[in-house]
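The structure appears right after this line, and notes come after that.
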Amino acid sequence: MSDDRLLVVGGGQAGTQLVSSARELGWDGPITLIGQEPHAPYSRPPLSKAFLKGEASLDSLALRTAAFYAEQDIGLVLGERVERLELTGGGAGTAAAVSGRRWTFDRLVLATGARPRQLPLDGAGLDGVLVLRDVRDARTLARRLDGVTDLVVLGGGFVGLEVAATVSAAGVRATVVEAAPALMARVLSPVTARVVEAAHRAAGIRVLTGERPARLLGKDGAVAGVELEGGEQLPAQLVLVGVGAQPRDELARTAGLHCDNGVVVDAYSRASDGYTIAVGDCANLPDPSPASSPAARLRLESVDNAIEQAKAAASVLVGGQQPYRSVPWFWSDQGTIKIQIAGLARADDVVVVRPDARPGRSTVLRYRDERLVAVECVNSPADFLVVRKALASGTSLAPEAAADVSRPLKAHLAESQLGNGVTTG
Ligand SMILES: Cc1cc2nc3c(=O)[nH]c(=O)nc-3n(C[C@H](O)[C@H](O)[C@H](O)COP(=O)(O)OP(=O)(O)OC[C@H]3O[C@@H](n4cnc5c(N)ncnc54)[C@H](O)[C@@H]3O)c2cc1C
């Protein structure tokens, strides 16, 4: 039995998982979870989908019940933003909130997430220019949609496309403006990006790739449209800026922890002082995927990473020695399409397409040095499941087999595991 006090700052996906796992794994001292938002920790993915449609309530998004925190003896502190940290050595220190409240801890976890990136554009401060990160943003967006005929989304990433699909299904004319030549260019191969773009166009969304906004147009202080660099003016009563997120690492900086695009942590999620743990969207971590090169670092913004990294970090807090290794995966529901990605591909990884004659469906496998490293599926959950499992178990599949649609991928992979003309390991 120990009296060590564990303090977790950030009541989101990662912070909630961390406190749950820490208790489960045997942390028996006091645990406090502090969140700046007034609501108990909730799941963010529905904010751009079911919640925005009015099909889910905030209560239904709760990550844990109130009874859970009570039963597990986890002190949940809401509506408090920690603004200063002092580390006194060996992982201990104090945290001070804007309200003046202070907490003393023996171990600290930062799970402060990320905030939307702003666009440095003329007119960005106009009324009706919105972002979407939390439930308050989602409520504002839902309320402001009333009576809107045209909405422009700046940024063809996951959140922007999810919102475009949701509002377009509700009868709003949606236009997506993406500066890169393809949608979601950072994570998808051009082949999959084209399938996604075609699906959005078929659903009535106007998709402009390779186009940059020059400024936002206003009328009486409210946004009235977007002017593109090429001169075209897009009318809009609402503009959603969905150009990615930035880690919230300012608190870590107040404690002198090394930050560089997030709190820099090692494979055990330990920050530069060797004790403080950082998990989820705010952490800059060594690439956990089995196919990674040792020096590769990144930030991962996904529910899977928030959960798996928090589980691994909780085991470190109770004395475990296992580094965080995992095949990252991600999903995005955009109207009628479900995109699922496992593994992290690089732009120069070889693309193997598994042809699918059915519209709106696609499976693409990515190879590096002839080894399977990632899979991208659109409306192909069965393919996704088997390849994700294969990636996790280190099973590869010859590219010719991957492209052969005479048999399901499951059959090819089963054969691979038996070592039939395949690489494993
Ligand atoms: C609209 C939307 C849709 C998404 N859809 C998907 C999806 O389909 N699939 C998927 O895998 N991922 C999706 N994501 C991403 C996923 O939600 C995040 O990766 C995940 O929530 C990260 O968890 P986290 O705990 O690191 O951060 P968060 O969940 O953001 O939690 C961080 C919390 O810390 C609080 N905080 C920050 N600083 C302080 C402070 N100083 N003091 C106190 N509290 C503080 C914040 O207010 C916040 O509540 C989506 C995200 C959004 C916004």
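The values are calculated or read from the model by the stated rules, or taken from the named source; none is laboratory data. The shown structure was predicted, so the numbers you read here are calculated from the model rather than taken from an experiment. Glycine gets a Cβ as well: all are built from the backbone with ideal geometry, and neighbour counts include every protein chain shown. Protein only, heavy atoms only, side chains kept; ligands, DNA and RNA dropped before computing areas. Shrake-Rupley method; radii C 1.70, N 1.55, O 1.52, S 1.80 Å.
Here is how the numbers come out for the structure above:
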item: All positions within the stretch 1-39 that are in contact with an Asp or Glu (Cβ under 6 Å, 6 or more places away or on another chain) and open to solvent by less than 10 Å² (accessible area, probe 1.4 Å); result: Gly29, Ile34
item: Every pair of residues 6+ apart whose Cβ atoms lie under 6 Å, when the first sits in the stretch 119-139 and is within 16 Å of the ligand (Cβ to nearest atom) while the second is open to solvent by less than 40 Å² (accessible area, probe 1.4 Å) and in a strand (DSSP E or B); result: Leu130/Leu240; Val131/Pro116; Val131/Val241; Arg133/Pro116
item: Residue check, Ile341 open to solvent by less than 50 Å² (accessible area, probe 1.4 Å) and within 19 Å of Tyr367 (Cβ to Cβ); result: yes
item: Residue in the stretch 45-62 that is farthest from Leu110 (Cα to Cα), counting only those that are within 7 Å of the ligand (Cβ to nearest atom) and surrounded by 21 or more Cβ atoms within 10 Å (Cβ to Cβ); result: Ser48
item: Scope the stretch 320-334; condition open to solvent by less than 60 Å² (accessible area, probe 1.4 Å) and either over 15 Å from Pro288 (Cβ atoms) or over 23 Å from the mean Cα position of the chain (by Cα) (or both); matching residues; result: Gly320, Ser332, Asp333, Gln334
item: Selected residue (criterion: nearest to Phe105 (Cα to Cα)) from residues of the stretch 263-316 that are open to solvent by 30 Å² or more (accessible area, probe 1.4 Å), acidic (Asp, Glu) and more than 16 Å from the ligand (Cβ to nearest atom); result: Asp273
item: In the stretch 82-101, the residues that are within 27 Å of Arg299 (Cα to Cα), away from the ligand (no atom under 16 Å from the Cβ) and outside any loop (DSSP other than H, G, I, E, B); result: Gly89, Ala92
item: Answer residue from the stretch 368-401, given it is of a type in the set (Ser, Thr, Tyr) and at pLDDT below 95 and is most open to solvent (accessible area, probe 1.4 Å) among those; result: Ser393
item: Which numbered condition Val98 misses (of (1) open to solvent by 60 Å² or more (accessible area, probe 1.4 Å); (2) within 30 Å of Leu217 (Cβ to Cβ); (3) among the aliphatic types (A, V, I, L, M)); result: (2)
item: Among the residues listed as Gln246, Gln237, the single one being closer than 22 Å to Arg133 by Cα, within 16 Å of the ligand (Cβ to nearest atom), of a type outside the set (Val, Ile, Thr) and under 28 Å from the mean Cα position of the chain (by Cα); result: Gln246
item: Total residues in the stretch 55-75, condition in contact with a helix residue (DSSP H, G or I) (Cβ under 7 Å, 6 or more places away or on another chain) and within 30 Å of Lys338 (Cβ to Cβ); result: 5
item: Those strands (runs of 3 or more DSSP E) lying entirely in the stretch 102-177 with at least 1 residues closer than 30 Å to Ala92 by Cα and not polar (S, T, N, Q); result: 102-105, 107-110, 114-116
item: Any hit, the stretch 158-167, residues being small (Gly, Ala, Ser) and open to solvent by 40 Å² or more (accessible area, probe 1.4 Å); result: no
item: Qualifying residue in the stretch 105-116 (condition: farther than 25 Å from Ser272 by Cβ, surrounded by 14 or more Cβ atoms within 10 Å (Cβ to Cβ) and at pLDDT 95 or above); result: yes
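Rundown of residues vs (1) within 21 Å of Val405 (Cα to Cα); (2) assigned to a strand (DSSP E or B); (3) touching a residue at least 24 places away in the same chain (Cβ under 8 Å), yes/no style:
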| position | (1), (2), (3) |
| --- | --- |
| Val327 | no, no, yes |
| Ile339 | yes, yes, yes |
| Leu344 | no, no, yes |
| Val351 | yes, yes, yes |
| Arg366 | yes, yes, yes |
| Ala374 | yes, yes, yes |
| Val386 | yes, no, yes |
